[in-house]
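K.L.:
My structure is below; once you've seen it, I'll send some questions.
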Amino acid sequence: MKARKLTMLLMTIVMLLMFSTSVSAYTAGTYVGQGTLTVSGSFTAGYPTAGGPGELYVQVLRVVDGTEQLVADQSQFANRDYSPKSFTINFHNLSYGTYIVKYFGGPALSVSFTSIGF
């Protein structure tokens, strides 16, 4: 019985590690400024046979002493008909500093940024 429980525990840990490493964030750019950081563009995500549209996640990280610190994040759902969806996300009240914009999501995420900046 102990061996079975241990095997199940190890399999669960391996599956969690595989899932956590399968999602990778892409960097949209590095920006210096303060105030409101606006990120806009369009995206598609999802497969018609996968049970619905996908999602886009955008993160803003501040660089402090070479370390990235998450400041804010926001998500957007894709259109149900899988057509491109336009988006504008505003991150308000950012103090002066260096910020990195990262994004991830899916499935089958395709993003086109039209504007990012303060």
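The values are calculated or read from the model by the stated rules, or taken from the named source; none is laboratory data. On a predicted model such as this, the values are computed, not experimentally measured, just so you know. Neighbour counts are summed over all protein chains in view; Cβ atoms, including those assigned to glycine, are modelled from backbone coordinates with ideal geometry.
K.L.:
Tally up the residues in the range 95-109 that are touching an Asp or Glu at 6+ places or on another chain (Cβ under 7 Å) and more than 13 Å from Ala72 (Cα to Cα), please.
P.N.:
1
K.L.:
Any chance you could count how many residues in the range 59-83 are of a type outside the set (Ser, Thr, Tyr), loosely packed, with under 14 Cβ neighbours inside 10 Å and in a loop (DSSP other than H, G, I, E, B)?
P.N.:
4
K.L.:
Considering only residues of the range 15-25 that are within 16 Å of the chain's Cα centre (by Cα) and more than 16 Å from Gln69 (Cα to Cα), which is modelled with the highest pLDDT?
P.N.:
Ser24
K.L.:
Which ones in the range 84-118 are surrounded by 13 or more Cβ atoms within 10 Å (Cβ to Cβ), of a type in the set (Phe, Trp, Tyr) and not in a loop (DSSP other than H, G, I, E, B)?
P.N.:
Phe87, Phe91, Tyr99, Tyr103, Phe104, Phe113
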